[in-house]
Amino acid sequence: MSGFPWGGSEELWSKAAHWLAGAGVEVSASVKGWPELRPQVEALRAAGVRVWERRWNPPALPLRILQRLHLLPQPGPQAEVAKWLDEVRPELVCISDGAVVSDIGCAALCQDRGIPFVQLSQANAELFWPSEALAAECRRVLIHARRFFFVSEANRRLFEDQVGMRFENAEVVRNPFKVSYQASVLPRPWDEGGEIRLACVARLEPVAKGQDILIRVLSREKWRRRPLGIRFYGEGPYREGLERMARMHGVKDRVEFVGQVSDIEGVWRENDGLILASRLEGLPLALVEAALCGRMGIGTAVGGIGELIVEGETGFLAEAATDDLLDAAMERAWARRAEWGKMGMRARERAVGMYPECPEAVFGGRLLELAKEIRSGS
């Protein structure tokens, strides 16, 4: 992930690396360098993982123009990754991408050096449709991945459509979560006249998470008349703009920007359900955590959200990330709000059926299996 210092897409690789180091495996990690200290990266170092921070920054505009005209080479972050690969000479590389394949360069470096690799893709959307050149490079390189991991079936199917190829090496894995596997929080006492509280747990980035859609829907007259409040949990570079938008639409008193919190189970003790207006996703951790805590979800049918939300059973699904479709899903949910507690319990049952108790150990173990296959020459 290169757009932000940390995010949900970083949890699986980092926790698996931590788990592997604890199992006595020599682990090295190449991550983008950031000015601020990241506790997760420091925890990896403390666990014995050798961390390399890439300090590459995009060149100034005149240099980018010369590179685009092929008058200068384009080193990019791959130059730093190449140095890392040549020094470490790993037996197996796991390439974790916050998108589906935002840059095929790292996989190509492994392929060209004969280093076995796996690709782990965390999110996908129609917005990521690759150029013909990138699609061709994906077909050339990723067919050689030992495994091509996705976090949802929906993202795998979309990527295969995008590049026009079936990947027999594809496999779905699960991301770790930040609540107890036995978390099940009791429903808040039902009060017909009391305020209903929904939590939107996502980084504050409208282009991906769609908080702007939610604010516009909440400003509609029928929702102004109803006792519904929405709390936004998370941080991001667009917080000030979203707060300004809420004021402009006259819903400042109906929303609360809570910021980043560490007690995720506490979020679900204080709120009746989850709402996501995402435009792109993998399978959001917030949805998994809400379900494990016995909370129903309202979400858009992007990424793997529809794999956990079953319409009318575990929550409510908007067919796409638009104002009208989210409004319709919220309306269906509102009409059945007395059933949210039972839906939350069914959501928990579904989440437990889909997710192992320790996904990072499962993924780390899978990488060990692949490494053993490589050593045995199979």
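Annotations for the structure displayed:
- For the stretch 208-226, the criterion of being among the β-branched types (Val, Ile, Thr), over 21 Å from ALA328 (Cα atoms), in the same structural domain as GLY341 (by TED's automatic domain parsing) and in contact with a helix residue (DSSP H, G or I) (Cβ under 9 Å, 6 or more places away or on another chain) is met by none of the residues.
- Every condition in (1) of a type in the set (A, V, I, L, M); (2) in a loop (DSSP other than H, G, I, E, B); (3) modelled with pLDDT of 95 or more; (4) over 19 Å from ALA301 (Cα atoms) is met by MET245 except one, and the failing one is (2).
- Selection of the stretch 132-156 for residues being within 22 Å of ARG366 (Cα to Cα) and of a type in the set (D, E, K, R) yields ARG146, ARG147, GLU153, ARG156.
- Flag if ARG247 is touching a residue at least 40 places away in the same chain (Cβ under 8 Å) and either in contact with a Phe, Trp or Tyr (Cβ under 9 Å, 6 or more places away or on another chain) or not small (Gly, Ala, Ser) (or both): no
- Consider the stretch 23-41 and keep the residues that are in a helix (DSSP H, G or I) and in contact with a helix residue (DSSP H, G or I) (Cβ under 9 Å, 6 or more places away or on another chain). The one that is nearest to GLU87 (Cα to Cα) is VAL41.
- In the stretch 290-316, the residues that are over 19 Å from ALA338 (Cβ atoms) and surrounded by fewer than 22 Cβ atoms within 10 Å (Cβ to Cβ): ALA301, GLY306, GLU307
- The stretch 273-284, residues that are buried (at least 23 other Cβ atoms within 10 Å of the Cβ) and either at pLDDT below 95 or part of a helix (DSSP H, G or I) (or both): GLU281, GLY282, LEU283, PRO284
- Close pairs from the stretch 217-230: first at pLDDT 95 or above, partner in a helix (DSSP H, G or I), Cβ under 6 Å, at least 6 apart: VAL217/ASP323; VAL217/LEU326; VAL217/ASP327
- Residue within the stretch 267-287 that is β-branched (Val, Ile, Thr) and touching a Cys at 6+ places or on another chain (Cβ under 7 Å) present: yes
- Residues of the stretch 217-238 satisfying the condition of being outside any loop (DSSP other than H, G, I, E, B) and among the small types (Gly, Ala, Ser): GLY229
The values are calculated or read from the model by the stated rules, or taken from the named source; none is laboratory data. These numbers come from a predicted model, not from an experiment. Neighbour counts are summed over all protein chains in view; Cβ atoms, including those assigned to glycine, are modelled from backbone coordinates with ideal geometry.
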